[in-house]
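The values are calculated or read from the model by the stated rules, or taken from the named source; none is laboratory data. On a predicted model such as this, the values are computed, not experimentally measured, just so you know. For neighbour counting, all protein chains shown are included, and Cβ atoms are generated from backbone atoms with ideal geometry for every residue, glycine included.
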């Protein structure tokens, strides 16, 4: 693992993840451009996230069977073509279908993670995961700024078309720079697909990490799906560019995930998870003040989204470090199980967020975030007692990455 390779892999994560999130900032523009209701345009965001979940289930396990360079290039080419189709969609239905195709194929970040972790020693895995998630965070947050600004200038189609061109360009760079490597597994495709479910049944620490990320990511998705409605409503009267600008503030999380990764390497994932879950609860309280509007409300939204982004991304570093340490020989399949649960949570969060917004407004969205974080926090506080009842499992989730790997072996 060289610095140049790590930078390129982080950029790949940024591009792949950004393709999922940039539609969130242009939902009001989609509603105006296609002549549909704001609630209907939320289907584009939800379809993309559902497609992404399907891609994790159906495609990511192939990372153990297909050489990484060929697999990454193929995924990016398919994503670029799907983005092109979305940018040319004449109505909402084909746009939803193209969005689902984008989500299905833009899973390169989930292939990059297991590849990179396998190239470093156990006591550096947290730092590498943090660096890759820093790239993913940058893509996720900056993509909203990019799409909101470009969409207001040139219309809702422009972000899709520009993203298509950039994704296809990245695929060409990867084809020339990523080193070739033989596949790690010769298992059949059906066997690869079945393995994540078996791992969920047999690995309690995997289930715990999945619960944490699913609940936190559900709250995160609910906030960002409904934030455009709040900012464009009567309380603020702002456009899609405001959503992008607010997301840009959250780019500070790019500096936090590498720090979280180093902390996981030293202290283990559990202390980091506890801090992050408490951070989500604090973010929900601060975000609730955003319903007031005006300068005070906007300041609360800025601070609240920043807290939420930092907590979600830092928690993911801890969760992935715990998951990858369970079975070093099955990291792609472990990641499939983990990310499937996470993005099912995200898809459910977008859906629940829109329903909460329709019934009780922004206060309902914030209450939903707090409820989801409380569920995860209760499970986290019960974790030591449950581990104590499992012989030989006392070190999992509480030691550093090297200790956890040794225990798994």
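Worth pointing out:
- Residue satisfying condition, being in contact with a helix residue (DSSP H, G or I) (Cβ under 8 Å, 6 or more places away or on another chain), crowded, with 17+ Cβ neighbours inside 10 Å and farther than 18 Å from residue 133 by Cα, within set 14, 47: 47
For every residue, the table says whether it meets (1) surrounded by 24 or more Cβ atoms within 10 Å (Cβ to Cβ); (2) modelled with pLDDT under 90; (3) part of a helix (DSSP H, G or I).
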site: 295; (1), (2), (3): no, yes, yes
site: 339; (1), (2), (3): yes, yes, yes
site: 343; (1), (2), (3): yes, yes, yes
site: 353; (1), (2), (3): yes, no, yes
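- Residue in the stretch 207-216 that is surrounded by fewer than 24 Cβ atoms within 10 Å (Cβ to Cβ), over 23 Å from residue 377 (Cα atoms) and under 17 Å from the mean Cα position of the chain (by Cα) present: no
- Selected residue (only one of 348, 367 is part of a helix (DSSP H, G or I), closer than 28 Å to residue 264 by Cβ and at pLDDT 75 or above): 348
Okay, residues lined up against (1) part of a helix (DSSP H, G or I); (2) crowded, with 24+ Cβ neighbours inside 10 Å; (3) more than 22 Å from the chain's Cα centre (by Cα):
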site	(1), (2), (3)
159	yes, yes, no
168	yes, no, no
172	yes, no, yes
179	no, no, yes
193	yes, no, no
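- When residue 189 is tested against (1) under 26 Å from residue 14 (Cβ atoms); (2) surrounded by fewer than 14 Cβ atoms within 10 Å (Cβ to Cβ); (3) at pLDDT below 90, just one condition goes unmet, and that condition is (1).
- Any hit, the stretch 99-119, residues being modelled with pLDDT under 90, closer than 20 Å to residue 331 by Cα and part of a loop (DSSP other than H, G, I, E, B): yes
- Residues that are more than 26 Å from residue 158 (Cβ to Cβ) and touching a residue at least 60 places away in the same chain (Cβ under 8 Å), drawn from the stretch 6-24: 6, 8, 9
- Output for the stretch 1-14, where each listed residue is assigned to a helix (DSSP H, G or I) and over 22 Å from residue 222 (Cα atoms): 3, 4, 5, 6, 7, 8, 9, 10, 11, 12, 13
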